[in-house]
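Below is one structure, written out as structure tokens; the observations come after it.
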Amino acid sequence: MPRPRMNRRICRQPPVGFYKPQGVPLGRLRGLTLTLDGLEAIRLADAEGLEHEAAAASMGISRPTFSRLLAEARGTVARALANGWALRIEGGNYELAEAVDMRGFGRRRRCRSGAAGWAGPPGE
């Protein structure tokens, strides 16, 4: 029996859970799923510009695991964009960083909000 996957720590839920090409009815689109932990890996590496080691520590995973997760997530996004497919953001092995901190495990981590607009809706 394989070892169960460890949860990856994410900062927060994304503001939206679905993207699709403009002007194409949803019923005619093929779609892919990007996991929440994959989105967090893209956010940390590309939007925040963190090194893989720091991003992996933020998510509570090893650097090689982070690199594999990032490569898979980037591939999913690239396939969706290149083919004009819808992209659903859901699932994955994750737990919210705030929930981890409230239980008292590990040291307190603060989520960084960057130029990618991850901080929430305007006026918040």
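Here, each number is a calculation from the coordinates, and none is a lab measurement. Predicted model only: the values in this text are computed from it and were never measured. A quick note on method: Cβ atoms are made from the backbone with ideal geometry, for glycine too, and the neighbour counts reach across all protein chains shown.
Some notes on this structure:
- Burial order of peptide ranges 57-70, 15-28, 37-50, 75-88 (average beta-carbon count within 10 Å, highest first): 37-50, 57-70, 75-88, 15-28
- Test item: Cα-centred dipole of segment 1-40, Lys/Arg +1 and Asp/Glu -1 on Cβ, debye: 100 debye
- Point-to-point label distance, Arg30-Ala54, nm (Cα→Cβ direction, 7 Å offset): 3.9 nm
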